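The values are calculated or read from the model by the stated rules, or taken from the named source; none is laboratory data. Because the structure is predicted, anything quoted here is derived from the model rather than measured. Note that we place each Cβ from the backbone using ideal geometry, even for glycine, and neighbour counts take in every protein chain shown. What goes into the accessible areas is simple: the full protein's heavy atoms, side chains included, and nothing from ligands, DNA or RNA. Shrake-Rupley method; radii C 1.70, N 1.55, O 1.52, S 1.80 Å.
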Amino acid sequence: MRIKRALTIGALLLVSVSLTACGGDDDTSKPSGKASAEAGKGSKESTGEKQPDALPAASDMASIEYFLNQHAACLDLQTGKEYDASTQAERYAAWLEEDQSTDPVWAIKDRAVCMDQYDHPNTLLLISDMKQFQTTMKEKGYRGILIGKDFAVYPQDDQTAEALRTSGLNYLACDPKFEVPSGYEKKPAQADGCVMTTYIPTDV
C-alpha cells in the first residue's frame, strides 16, 4: 500500500510540474504594454495617412493622374506636346505651352494634360526643383497654381478647382495683391515674394 500511495503522489507532482513548464497563466506569454502600443502605432502609419503639414508627392504622371481622380477627374491623359497639337487646344489652351515648359528656367521634368469631367484641361507638371519653378513663376508674372511637394496642377475649370480644395494641395500665389481669407493657413513659399496657402480660389 505504501508503495502504491507513493507512486500516486509522484504522478500528481509530475503533472503539476508539466503544467507549470507549459506556461499556464504565466504573464510572459502575453505581449507587453510597450509591444502592444508599437503595434498599434504601426497599424495607424500603414494606412498611408498624410501628415497635416505634408504636401502630396508624385513620382510620375500616372501618379498625378491617379491622385486627381481621387478628388476630381483626370481623363484621357496625353503628353503636353500631343495636346498642344490637338484640336482641343484650339478651344482651350493648356497652361504653359510645350516650347516654354522645356526651358530650363522652369525646372519642369515632364508636362501632360488630361480633361476634367467638364471637358476642360488640367495641366500637370512634374517639377525637378520647386524653388526654381516658384522663382520663375514670380519673375515671369504668373498669378498662381496648385502645388504638391514635387508637382503642380493647373485646373482650368472653376468647379474642378473647388473639388481640389480638400485634396491637400496648396495654392502657390505670387501676386502681391492676392489676399487669403481668415481661417486658412498661409506661409512663405520657397521663392521670395510668393506664398503658399490652403485656400484655393476657383479662378486659379
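Couple of notes before you dig in:
- Pairs spanning more than 24 Å between alpha-carbon atoms, out of Lys81/Lys186; Lys81/Lys177; Lys81/Lys109; Lys81/Lys187: Lys81/Lys186; Lys81/Lys177; Lys81/Lys187.
- Cβ-Cβ FRET estimate between Thr202 and Ala93, R0 fixed at 22 Å, reported to 0.05: 0.70
- The stretch 118-180 and the stretch 93-117: distance between their alpha carbon centers, rounded to Å: 12
- Selection of trypsin sites (Lys or Arg not before Pro), the stretch 158-190, meeting DSSP coil and at most 13 other Cβ within 10 Å: Lys177
- Per residue, in Å², the accessible surface of the stretch 52-204 once ligands and nucleic acids are set aside, probe 1.4 Å: 50
- The stretch 99-140: relative contact order as a whole-number percent, Cα under 8 Å and 6+ apart: 38
- Accessible surface of the stretch 55-115 [probe 1.4 Å, protein heavy atoms]: carbon and sulfur percent: 48
- Separation in nanometres of the label points that stand 7 Å from Cα toward Cβ, at Asp129 and Gln117: 4.0
- The stretch 70-204: C-alpha gyration tensor shape, a/c 1.5 cut-off, then a/b vs b/c: oblate
- Couplings 3J(HN,Hα) for the stretch 64-69, derived from phi with the Karplus relation 6.51 cos²θ - 1.76 cosθ + 1.60 (θ = phi - 60°), are 5, 4, 4, 4, 5, 5 Hz, where x marks Gly and Pro.
- Here the Karplus curve 6.51 cos²θ - 1.76 cosθ + 1.60, taken at θ = phi - 60°, turns the phi angles of the stretch 186-193 into couplings of 9, 8, x, 7, 6, 9, 4, x Hz, with x standing for Gly and Pro.
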